[in-house]
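The values are calculated or read from the model by the stated rules, or taken from the named source; none is laboratory data. What you are looking at is a predicted structure, and each value in this text was computed from that prediction instead of being measured. Methodologically, a virtual Cβ is constructed for each residue, glycine included, from the backbone with ideal geometry; neighbour enumeration extends over all protein chains shown. Please note that ligands, DNA and RNA were not included when accessible areas were found on the heavy atoms of the full protein model with its side chains. Shrake-Rupley method; radii C 1.70, N 1.55, O 1.52, S 1.80 Å.
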Amino acid sequence: MKLLSIAIPCYNSQDYMRKCIDSLLVGGEDVEILIVDDGSKDNTGMIADEYAEKYPTICKAIHKKNGGHGSAVNAGLENATGLYFKVVDSDDWVKEIAYRKILTTLEEFVGGSERLDLLISNFVYNKEGEHRHKVMRYNRMFPIEELFTWDDVKKISIGHYLLMHSVIFRTKLLRDCGLKLPEHTFYVDNIYVFNPLPFVKTMYYLDVNFYYYYIGRQDQSVNQNIMISRLDQQVRVNKIMVDYYVENIGMIRSNKKRYHYMFNYLEIVTAISTILMIASGTKENLERRKELMRYIKNKSLLLYCKLRYRIEGVFVYLPGKGGRKITLTGYKIAQKLYNFN
């Protein structure tokens, strides 16, 4: 059994996937690299087979019909034999020193008496054309290099939440919680990080810059114009998260800090949905914005009121043209502060 399984969802990734895979090979026999060819139309599948042939005890090529990012993650999880599971996108990469420390830490827990559910590390926004890159770290939120629970979380800040890039889950936990991401849908990484949290009991944070998240391709899913064109998928993910939150509210509320964190996460995803609808400037999307809020209201009046009227939320849901203008101005400021597209 491997220590760590790493799934790489690949779709038409021939131009950059080698850098990703090569950075992960440093892990040697402790890892298995699952290269998931999600119905690519270029040489992605051939490259996956090349690595599987060259490194048969480390790399495995998985070929499947196109089903989107979530489908590729599902395939990786289904085929994983490692005790822990990580997703690395094919245009991203990892740093060796941090990688080795992560593997050493995981190995210590496997050989010890305490069980680790979630390992957290920093990630770096590697934005094209910029010399300084924004590091997303969690040193103010979590204890450093010690096993901790939700009760030990220090500070939960608005807009500062875990992303797929920063987490490594225990594989069995993901399977036991029934995680299955929707197919043909972008932005499912939010579901990937959100849904397992009620099952996470123990965590460990390494303050190391492990994951390098590339931003710069015009066709990238986080490009603002692309996100607006795929608003239906953003809203679909938002609704799935609302459903999960409402249906599991008893378990979520069983820990106050986890409850606070998961509400904040849902709030920021809903805020992003709303802001993108405003940014599109179309009547259709402004109506879709109202429909999303009606959906939340029908699911849970309490959740609707908290999202709609919380002090932090009032800024996002200001009415009228003037309100929408203020909201967009705030969004542009947030882009500068947090260095996203």
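Details
- Here LYS101 meets the list (1) more than 15 Å from LEU25 (Cβ to Cβ); (2) assigned to a loop (DSSP other than H, G, I, E, B) almost entirely, failing just condition (2).
- Subset of the range 50-63 (residues that are in a strand (DSSP E or B) and open to solvent by less than 50 Å² (accessible area, probe 1.4 Å)): CYS59, ALA61, ILE62
- Taking (1) farther than 24 Å from GLN233 by Cβ; (2) open to solvent by less than 50 Å² (accessible area, probe 1.4 Å) in turn, VAL167 satisfies each apart from (1).
- Within the range 217-229, the set of residues being assigned to a helix (DSSP H, G or I) and either surrounded by fewer than 16 Cβ atoms within 10 Å (Cβ to Cβ) or modelled with pLDDT of 80 or more (or both) comprises GLN224, ASN225, ILE226, SER229.
- Which listed residue is farther than 30 Å from ASP38 by Cα and not in a strand (DSSP E or B), from GLU145, GLU78: GLU145
- For beta carbons closer than 6 Å, sequence separation of 6+ or different chains, a first residue in the range 286-306 that is farther than 13 Å from THR274 by Cβ and a second that is surrounded by fewer than 17 Cβ atoms within 10 Å (Cβ to Cβ) and among the aliphatic types (A, V, I, L, M), the qualifying pairs are LYS299/VAL246; SER300/VAL246.
- Taken together, the residues in the range 109-140 that are out of contact with any His (no Cβ under 7 Å at 6 or more places or on another chain) and either surrounded by 12 or more Cβ atoms within 10 Å (Cβ to Cβ) or touching a residue at least 60 places away in the same chain (Cβ under 8 Å) (or both) amount to 21.
- Test: residue in the range 24-34 that is assigned to a loop (DSSP other than H, G, I, E, B), out of contact with any Cys (no Cβ under 6 Å at 6 or more places or on another chain), farther than 18 Å from TYR211 by Cβ and not β-branched (Val, Ile, Thr): no
- Flag if TYR161 is buried (at least 19 other Cβ atoms within 10 Å of the Cβ), at positive phi and in contact with a helix residue (DSSP H, G or I) (Cβ under 7 Å, 6 or more places away or on another chain): no
- The lone exception for ILE278 - which of (1) out of contact with any Pro (no Cβ under 7 Å at 6 or more places or on another chain); (2) at pLDDT 90 or above; (3) crowded, with 18+ Cβ neighbours inside 10 Å it fails: (2)
- Some residue of the range 230-252 being open to solvent by 20 Å² or more (accessible area, probe 1.4 Å), at pLDDT below 95, farther than 25 Å from LEU24 by Cβ and of a type outside the set (D, E, K, R): yes
- With respect to the conditions (1) part of a loop (DSSP other than H, G, I, E, B); (2) at pLDDT 95 or above, MET1 falls short on a single one, namely (2).
- For the range 11-49, filtered to residues that are over 22 Å from the mean Cα position of the chain (by Cα), hydrophobic (A, V, I, L, M, F, W, C) and crowded, with 17+ Cβ neighbours inside 10 Å, the residue that is farthest from GLY68 (Cα to Cα) is ILE47.
- In summary, TYR187 fulfils each of the numbered conditions (1) open to solvent by 10 Å² or more (accessible area, probe 1.4 Å); (2) under 23 Å from LEU103 (Cβ atoms); (3) not small (Gly, Ala, Ser) with the single exception of condition (2).
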